[in-house]
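Written out below as structure tokens is the structure these notes cover.
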Amino acid sequence: MNFRPSARFLALGLFFIYNLHTICVRGKEAKMATTQDLTSRINEMYGKMSKGQKLLANYITDNYDKAVFLTAAKMGEIVGISESTVVRFATFLGYEGYPQFQTALEDMVRVKLNRIETNNVTNGNIAQDGVLMSVLSSDIAKLKSTMESIEENVFNIAVDTILNAKRIYVVGIRSCAPLASFLGFYLNMIFNDVVILTTNSASELFEQMINISEDDCIIGISFPRYSMRTLKALEFANSRQANIVTITDSIHSPMNLYSSCNLVAASEMTNIVDSLVAPLSVINALVIALARKRQYEVAQKLETLESIWNDYQFYENDEIDLIDDSIKMQYPGEI
């Protein structure tokens, strides 16, 4: 006898399958909500945090691979706040409690480790004599990607914004510090008032830019892992209505929260180091464009520097005259 399921039976079966699918999807979404990027949550909630919570946020953002191993009490001791403040911080960010918060930290570290393992596999597929061509090809691809994505009108706005600024601030932390230093060095060749914010202390960062105003411009440089200190510097500049230019890797970068002029340059991590070739190329273009706009001032400054170099024996004149052999040294007992 053939079994023919009734319409009611089929309906119940479909209902069961639908609910099972819904449960799985919601479970996955709950897992994603539990483990979503802590940095994003912290960035969104930072303005509403207390002083103690901000200290904790800064520590976790810069040291999450260490924080993952700490109890709430130990983390509070390191940061200088109470254990209860740490626990409340977890719930403040939307977690059920500190254990769920630690799970999110663990997932962040796991993602980082998986990236390293992937790099190791990639390295295993590249012969030692093929590393050079592989890295150069990767950098060329990032330059091409940047050329296709960067908007020239945005670049021109960035140039005009910097040109019209009374004072120019440049900030780049950690691996971006060399980029900030490089840009600041050449901006000093073009402008008279440039401040390079280079410090390991968030409080010192604000002390250096305490006088920033709406007449000034700040250039923020940051790539993954994004620097919380750089972001807070841009937030402070925004509160003072200063003009903000960012150099970062994506239109979705948190650095763009306070900027209306975003220069995007590709910088994916292919190994243990970030590729900064495309960002540096964008910085080179900025410097050249600014120098062309202020040719007279640059020429005057270079002439002054040339005179100083000659006076103080720098570069080609950096030679110390030899002592005349005719001068005889006298030793004790010979006088």
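The values are calculated or read from the model by the stated rules, or taken from the named source; none is laboratory data. Here the structure is a predicted model, which is why all the values come from computation and not from measurement. Cβ sites come from the backbone with ideal geometry, for glycine too, and all protein chains shown count toward neighbours.
Descriptive notes on the structure:
- Selection from the range 65-75 of residues that are without any contact (Cβ under 8 Å) to a residue 12 or more places away in the chain and buried (at least 19 other Cβ atoms within 10 Å of the Cβ): LEU70
- Against the criterion of being hydroxyl-bearing (Ser, Thr, Tyr), touching a Leu at 6+ places or on another chain (Cβ under 9 Å) and either at pLDDT 90 or above or not assigned by TED's automatic domain parsing to the domain that holds VAL277 (or both), TYR169 qualifies.
- So LEU70, is it outside any helix (DSSP H, G or I) and of a type in the set (A, V, I, L, M): yes
- If you filter the range 47-64 down to residues that are among the aliphatic types (A, V, I, L, M) and within 12 Å of THR85 (Cα to Cα), you find that the one that is surrounded by the most Cβ atoms within 10 Å (Cβ to Cβ) is LEU56.
- Among the residues of the range 255-293, those that are in a strand (DSSP E or B) and either surrounded by 23 or more Cβ atoms within 10 Å (Cβ to Cβ) or aromatic (Phe, Trp, Tyr) (or both) comprise LEU263, VAL264.
- Sole exception among (1) in contact with a strand residue (DSSP E or B) (Cβ under 8 Å, 6 or more places away or on another chain); (2) crowded, with 19+ Cβ neighbours inside 10 Å for ILE157, by number: (2)
- Any hit, the range 239-254, residues being in a loop (DSSP other than H, G, I, E, B), of a type in the set (Lys, Arg) and either under 19 Å from the mean Cα position of the chain (by Cα) or over 11 Å from VAL171 (Cβ atoms) (or both): yes
- The one condition from (1) part of a helix (DSSP H, G or I); (2) modelled with pLDDT under 90 that ASN192 does not meet is (1).
- Pairs with Cβ under 6 Å, 6+ apart, first in the range 188-209 and in the same structural domain as ALA242 (by TED's automatic domain parsing), second of a type in the set (A, V, I, L, M) and modelled with pLDDT under 85: ILE190/VAL298; LEU197/LEU205; THR199/LEU205
- Scan of the range 206-225 for residues that are touching a Ser or Thr at 6+ places or on another chain (Cβ under 8 Å) and closer than 24 Å to VAL287 by Cβ, ordered by number: GLN208, CYS217, ILE219, GLY220, ILE221, SER222, PHE223
- If you go through the range 217-241 and keep only what is buried (at least 22 other Cβ atoms within 10 Å of the Cβ) and touching a strand residue (DSSP E or B) at 6+ places or on another chain (Cβ under 7 Å), you end up with CYS217, ILE218, ILE219, GLY220, ILE221, SER222, PHE223, THR230, ALA233, LEU234, ALA237.
- Residue satisfying condition, being touching a Gly at 6+ places or on another chain (Cβ under 6 Å), farther than 18 Å from SER259 by Cα and of a type outside the set (Lys, Arg), within set LEU179, LEU234: LEU179
- Residues located in the range 142-173, provided they are under 17 Å from ASN192 (Cα atoms) and aliphatic (A, V, I, L, M): VAL159, ILE162, LEU163, ALA165, ILE168, VAL170
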